[in-house]
Every structure is written in C-alpha cells, then in structure tokens.
Amino acid sequence: MTKILGIEGIPEAARLIADGQVVAFPTETVYGLGGDAFSVSAINKIYQAKGRPSDNPLIVHISKVSDVYRVSDNVPPMFFKLADIFMPGPLTMVVPKGKSVPYEITAGLESVAVRMPSHPIAARIIEESGTLIAAPSANASKHISPTSAKHVFDDLNGKIPLIIDGGDCEVGIESTVLSLVTEIPTILRPGAVTEEMLAEVIGKVKNFSGKVIASAPAPGMKYRHYAPTSPAILSESTKNTKEKYDKISSEGKSVVVLTTADKLNEYKGMNCINMGVNGAEVAHNIYSALHRGEAYDIIIVDSLKGDGIDKSVMNRIFKATAE
Ligand code: TXA
Ligand code: MG
C-alpha cells in the first residue's frame, strides 16, 4: 500500500530519494515520479514502477539555475537567456550531457533534459534531497499523465512507497521540451511555454507540428502517450460530435463529450464534461477530464481552434485520440 501525505511528508520524501527510493510529488505541470538522478538503481526503479520502455529518456529536475553545471559541462549560453525568463516554470531544455549523468537517464543519448519546477513542494524536495531528481510523469507508461494525487495512486498504488499530495496541478499538461543541441533550437514537445514566447526571447525556434509522427527527435514522442482506457475519438465540429454521439448511443454504448463551455448549449441532454472557457483552462482540466471520461465506453473530444496554448493542448488531444 502506498502512503499519501501532505506537505508534512516533504522531509520523508527527500530522505527516501536520498536513500535511492522513488517518490511521487506535485509539480506545476503534472505529478512526477522522482528518484536520485545519479543513482542507476533509483532510475531503474522509476522505469520499473511505470512499466516504461528504457529508450525514453527522463528529465532531470533542478532547484536553482546553477544546478545545470552538475549535469552538463558545456551549457549553451541560450540556456541562461531562457532560464532568466522561464525558470522556474514549465520549460525543459535539452543540453549536452555531462559525464556525471548515467546513460540510463538519457536512454543512451549524449544530451540531457533539465527543468526547474516552480511548484514549491517540488522545489523543496529537490533542495532537501541534496541531489538532483530524475522524474517522468507519475503515471503507468502510456496512460494519461496525473494531475492529482488520486490519479497517481490509481496507477501506482503498491509500486512506490509515498505520494506527496499537493492538490491539483496548475498548468495541467507537461512542460515544453526545447532542444538546445540542434542548430536552431527545436521544440520537441509543445507546452505552456509556447513557440511564440520562445521565439520572442531567442529569435528562431523550430516548432513541433502537433501530429503523432513515427520517428521524432524526442524519443518519447513516438509512443502513444496520454491514452485513456476507453477509446477516445476526435471531433472537428459540433455537427460531427452530435452525429458520432447519436451513432454510438444507438449501438447501446455509453458516451461522453469533452468540450468547452461555449458548446454546452448545443449539447443539451448529452453527457458532457466541460473543460473550460479557453485554452489555458482546457490545459488545466484536460487530463482529469480524460480520467473522468474513462467511466464511459467511448469518449468524444472536441477540437480547439486557436494558436498558442490551444496548439499545445491539441498535441495532447491528438495523442489521446490517436487510434
Ligand atoms: O512537465 C514535465 O515535464 C513532467 C514533470 C514531472 O516535470 N515530466 C514529464 O516527463 O513529462 P516525461 O518523462 O513524461 O517526459 C519527458 C519528455 C519525453 O518526451 C522525453 O523523450 C523527452 O522529455 N526527453 C527527455 N530527455 C531528452 C533528451 N535528452 N533529448 C530529447 N528529448 C528528451
Ligand atoms: Mg509522461
């Protein structure tokens, strides 16, 4: 049985991590499953608890910008330019890997991903552990990322000793991953720090297309992440949603629509989960809406049409509805 504690559990969480154990804790994006970044056995425990393929590298979490020197001997100047503005926060940067970093973290790559979470619980656990923390999202591999302690518990109960409960995650989708080891900095995973925000600071950024592609520079992007246990299908319009809904209902299956506030009127009498009024609200709610949708046979997800964070949310929706 996995223990759940509030902030009073922070010292225990830090101690467990220093001892080579793994602990789940909140960040501003999603819950992470953390272990000592310099301990191969701790890293293996992370892969094991999640059932994650070991060719998908982990992010190293730091609590101050200068920690980057502990994982890289060759930090690109652009890292500090971006860190000034976006650290702490939902931006992960990929930099050349230093010798101290085990290849188990980077899945054999010569680069390492680094992020400084802004969530005070995450920051304290990193600091008090005395080490840096490798942490993927704290879900079972290929399931939806967790944005509450309950989501973590449902996936990992019995597999890890402790979850720190910090309530719901504010951002709600994973950090933007930006590679600084490519000629032009390249977004490998879109997130709350958008391409427009990055381009404003560094001039040029290669953006991420938003499609599920077969082989991407971020090894993790080829996996079908964020998938709920009930089939989820994408809808392009309210008309399309209503047609699909009627067809599925007439087959005797239960169905729910994940949608935005403006469409609720049109869907009167249908099962709906309201994800909010704009892209930021939908980002905050998308994973818990998908978790709730698992109570139905089929989930229909409405599209967002805007730029900026809408595109980052659509990247997750494409993945959840990929099959
Ligand atoms: O918001 C987040 O980033 C959360 C919280 C817990 O910090 N963490 C997270 O970790 O989403 P994870 O393991 O689920 O996703 C890490 C992503 C994967 O797509 C992985 O392929 C990419 O980062 N990544 C890690 N190291 C990399 C590297 N050296 N080069 C390219 N991509 C890398
Ligand atoms: Mg993940």
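Overview of values
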| item | result |
| --- | --- |
| Subset of segment 170-190 that is of a type in the set (A, V, I, L, M, F, W, C), outside any loop (DSSP other than H, G, I, E, B) and within 16 Å of ligand 2 (Cβ to nearest atom) - its residue that is farthest from ALA13 (Cα to Cα) | LEU188 |
| Output for segment 186-197, where each listed residue is over 13 Å from the mean Cα position of the chain (by Cα) and surrounded by fewer than 22 Cβ atoms within 10 Å (Cβ to Cβ) | THR186, THR194, GLU195, GLU196, MET197 |
| Any helices (runs of 4 or more DSSP H) falling wholly within segment 232-323 and containing at least 2 residues that are more than 24 Å from GLU28 (Cβ to Cβ) | 238-250 |
| Within segment 124-162, considering residues that are among the acidic types (Asp, Glu) and farther than 19 Å from ASP36 by Cα, the one nearest to the chain's Cα centre (by Cα) | ASP155 |
| Residue that is farthest from ASN44 (Cα to Cα) [pool: residues in segment 115-135 that are of a type outside the set (Gly, Ala, Ser) and within 16 Å of ligand 2 (Cβ to nearest atom)] | PRO117 |
| Selection status of GLY172, within 12 Å of ligand 1 (Cβ to nearest atom) and either over 16 Å from VAL30 (Cα atoms) or among the basic types (Lys, Arg) (or both) | no |
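Matching residues to (1) away from ligand 1 (no atom under 12 Å from the Cβ); (2) charged (D, E, K, R); (3) part of a helix (DSSP H, G or I):
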{"position": "THR92", "(1), (2), (3)": "no, no, no"}
{"position": "SER100", "(1), (2), (3)": "yes, no, no"}
{"position": "ILE105", "(1), (2), (3)": "no, no, yes"}
{"position": "GLU127", "(1), (2), (3)": "yes, yes, yes"}
{"position": "PRO146", "(1), (2), (3)": "no, no, no"}
{"position": "ASP154", "(1), (2), (3)": "yes, yes, yes"}
{"position": "ASP168", "(1), (2), (3)": "yes, yes, no"}
{"position": "ALA192", "(1), (2), (3)": "no, no, no"}
{"position": "LEU198", "(1), (2), (3)": "yes, no, yes"}
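Bear in mind these aren't lab numbers, they're just calculated from the coordinates by the rules spelled out. Worth saying up front: this structure is predicted, and the values here are computed from it rather than measured. Note that each Cβ is placed from the backbone with ideal geometry, even for glycine, and that neighbours are counted across all protein chains shown.
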